[in-house]
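Below is one structure, written out as structure tokens; the observations come after it.
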Amino acid sequence: MAVSQRCCIIVGVAVVIAAMIIGVVVFFLVRDNGDNCDDENIKEYDGPTWGYICEDFLCKRIENTLDNMNETTSFNVCRLTCGEDIGTLWPVPSGRVSNSRRYLPIDMNRFTPRVAQVLNSSIYFDIAWSRFQDMQMKKAKDSESPMIGEPLLVVMHADTNDMSFTYDTDESYTLETVRTIGAVFVNIVAKNFYGVRHALETLSQLIVYDEFENELVILCPVKISDGPKFPHRGISFDTSRNFYPISAIKRTIEGLAMVKLNTFHWHITDSQSFPFVLKSYPEITKLGAYSPDRVYSHEDIKEVVEFGKSRGVRVIPEFDTPAHVGEGWQNTGLVICYKDPSMEAQWRGHFDPTKDELYDVLENIYKEFVDAFNPPMFHIGADEVGIDCWNTSTTIKEWMTTRGMEHTKEGFMELWEYYLENSVQRLEKSFGNTVPIILWTSSLTQEPYLTKHLDKDRYIVQVWLYKNDTEIKALLENGYKLILSNSDALYLDCGVGGWVNDGLNWCSPYNTWQTLYQNKIDEIAGEYVNQVYGAEVAIWSESIDSTIIDLRVWPRTSAFAERMWSDPQTHWKMAEPRLLINRERLVKIGGIAAEMLQPEWCLQQEGLCPFP
């Protein structure tokens, strides 16, 4: 090969290599400087896949791109700011809401409370404030170090430090958030601790975690005036048919607080077990409890009561008599029909009202209830008394004859009244004063026995009948005060297999959250609605225990809570998107295994999930 040819080849190779080097350099220069590249496939968006925009008061999910990244927000922020109502609040406020739909980042490490002197030394306020802070920490728990925003200064004022919790207690509050120089300022005004506590619950719902910016944000400015429609808003909780550990009871109360319910009605004893530890009669607890470790001591109960009070929830005990007494009483000589197979299951175990010593025993037990619960009111049960049981006792019938009571239904109603008068007298002696007394509807609350045997100014009647039962109208027309637990809507254990028969249980079908939400007290009571203190959902535990209690109670009880707090006129369809948010909050913040209502797709696609 000639030298000239060899040189040409060498030069050609060198040119090719040089061109390749230049090409690689240009490639990396162009890649590192997107402004010099028009190819959109090279410049990629690497943030969250989905973002949200507010259209027609609904949060619309769209795919994030470089073109819209400044227009979309995170799911939580969109739900906070979009909508005619504040989409994160449950229950919806009953009063006026002024909402700017703007938000500000806040520093979760710089929350500062300023309280009126009446709250400054309150252990309950300290617990409520610590709980509020902890709730915010849980929102950002997936982030190691959220971005720092504005300090949060929360000023709280109450008129009194009175912690009594009656039907006259004013639970209302006003809340306002504004931006000041160097901080977000929150002003809370209430009559007492309970109003302040409710305001903190609302404030917590105005704060969300923004995953796009890795920060907590608060709706600001906003102004809310709020308060409950009904003073009695709660749950009747049965721990006798199956035992619940204190942790499950506390978890339930935590859920009540998160939706501003205020009453935990503790049905602590029944025919099946007597788990309340009696100091005066330990043998009753020994024989009545399922096992030595399935009991509630005075200390356990006081712990629950204090836990509830710091969360705005009063604990009301129920000692159900003269029926529904069995286990634990078998050696006392005070009970008849114990395990009598000829009696219906609910009628097995009745006190013998003719035994004078019975009332001494009751007085001592009532004193223990007062010591453990220190309750603002007392539930005496008094339901499902079986006349057939009393009628089997020759001793009872002879006693009735000597007092001119016939062995008829009317005669046994007189015997029932005799028991009530004597037991309530001992109850009041134990309390040292007169307290509101609640009892269930029964044959004694029916006409013509109602007005003859029950003082309308002494007893509050809790109704478990269906909402269209004529007995409810008769009670109201005769001036009785009511608490509603109509089983066709508010019984949470309905719709499962019967525990003493095949097929479904007696109160089937299952009461859905929509059924609870549409259970309007105004429609049931009509012109007498002012005689209704409120309502309770009821969870009877024949086929339920602590492993599934959350599923049966939540979030259906949340639907009930909004009905009792603000009693909105809107249909359940309007509430559904907010209830899904509430369910997520119960799970993440409350640690509650609430039932899933819909596919998660519905949570993310507001307004698109088809209604039935």
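Within straight cross-link reach of LYS467, meaning Cα distance under 16 Å, which lysines are found once same-chain residues fewer than 8 apart are removed?
LYS467 reaches LYS481, LYS520.
Take the alpha-carbon centre of segment 111-150, take the same for segment 273-298, and report the distance between them in whole Å.
39
Using a probe radius of 1.4 Å on heavy atoms only, what accessible surface per residue do you get for segment 413-491? Whole Å² is fine. Before the final figure, lay out the partial values.
Details: 3080 Å² over 79 residues.
Heavy-atom SASA per residue in segment 413-491 reads 39 Å².
Using the Kyte-Doolittle scale, find the helices of the chain whose mean hydropathy is at least 0.0 and whose Cα atoms extend 15 Å or more along the helix's long axis, counting only whole DSSP H runs. Walk me through the intermediate numbers first.
Details: long enough: 3-32 (44 Å, 2.15); 123-139 (25 Å, -0.54); 193-205 (18 Å, -0.12); 246-258 (18 Å, 0.69); 298-309 (16 Å, -0.81); 356-373 (26 Å, -0.17); 409-431 (32 Å, -0.83); 572-588 (24 Å, -0.62).
The answer, listed by residue number, is 3-32, 246-258.
Whole-Hz Karplus ³J(HN,Hα) for segment 87-98, in order, using 6.51 cos²θ - 1.76 cosθ + 1.60 and θ = phi - 60°, x for Gly and Pro?
x, 9, 8, 8, x, 4, x, 8, x, 7, 10, 10
Quantify, in whole percent, the carbon and sulfur part of the accessible surface of segment 481-612 (1.4 Å probe; protein heavy atoms only).
On the way: 2880 of 5190 Å².
Carbon-and-sulfur percentage of accessible area, whole number: 55.
Calculate for the chain the 222 nm mean residue ellipticity that helices alone would give, adding -39,500 (n - 2.57) per DSSP H run of length 4 or more and normalising by residue count, nearest 500 deg cm²/dmol. Intermediate results must be reported in sequence, preceding the final value.
Numbers: 21 runs with 220 residues, N = 612.
Mean residue ellipticity, 222 nm, calculated: -10500 deg cm²/dmol.
Rolling a 1.4 Å sphere over the protein heavy atoms, what is the accessible area per residue of segment 176-235, to the nearest Å²? It would help to have the intermediate numbers written out before the result.
Working: 1690 Å² over 60 residues.
Per residue, segment 176-235 has 28 Å² of solvent-accessible surface.
Find out how many positive minus negative residues lie around LYS520, taking Lys and Arg as positive, Asp and Glu as negative, among other residues whose Cβ is under 10 Å from that of LYS520. Mind showing how you got there, number by number?
Values: positive: LYS467, ARG563; negative: ASP522, GLU523, ASP567.
Around LYS520, the surrounding residues sum to -1.
Could you tally the net charge around MET135, taking each other residue with its Cβ under 14 Å from the Cβ of MET135, Lys/Arg +1 and Asp/Glu -1? Could the numbers behind the result be given before it?
Numbers: positive: ARG131, LYS138, LYS139, LYS141, ARG197, ARG311, ARG585, LYS588; negative: ASP134, GLU201, GLU254, GLU584.
Once positives and negatives cancel, what remains is +4.
May I ask you to give the solvent-accessible area per residue for segment 316-402, in square angstrom, as obtained with a 1.4 angstrom probe? Kindly include the intermediate steps, with their values, before the conclusion.
Numbers: 3050 Å² over 87 residues.
Per residue, segment 316-402 has 35 Å² of solvent-accessible surface.
When the convex hull of the C-alpha atoms of segment 112-231 is computed, what volume per residue in Å³ does it have?
Working: hull volume 13.5 nm³, N = 120.
Cα-based convex hull of segment 112-231, divided per residue, equals 112 Å³.
Output the peptides 204-210, 266-272, 384-390 sorted from most to least packed, where packing is the average of other Cβ atoms within 10 Å over each peptide's residues.
Details: 204-210: 22.7, 266-272: 25.0, 384-390: 20.9.
The peptides rank, most packed first, as 266-272, 204-210, 384-390.
What three numbers, in Å, describe the spread of the alpha carbons of the chain along their principal axes, ordered from the longest?
Principal axes ranked by extent give 143, 59, 44 Å for the Cα atoms.
What is the sum of charges around VAL553, taking Lys and Arg as +1, Asp and Glu as -1, for the other residues whose C-beta is under 13 Å from the C-beta of VAL553?
On the way: positive: ARG251, ARG552, ARG556, ARG583; negative: ASP238, GLU254, ASP493, GLU536, ASP545, ASP550, GLU595.
So the surrounding residues net to -3.
The values are calculated or read from the model by the stated rules, or taken from the named source; none is laboratory data. Everything numeric in this text was worked out from a predicted model, so none of it was measured. Note that we place each Cβ from the backbone using ideal geometry, even for glycine, and neighbour counts take in every protein chain shown. The area values use the complete protein model at the heavy-atom level, side chains included, leaving out ligands, DNA and RNA. Shrake-Rupley method; radii C 1.70, N 1.55, O 1.52, S 1.80 Å.
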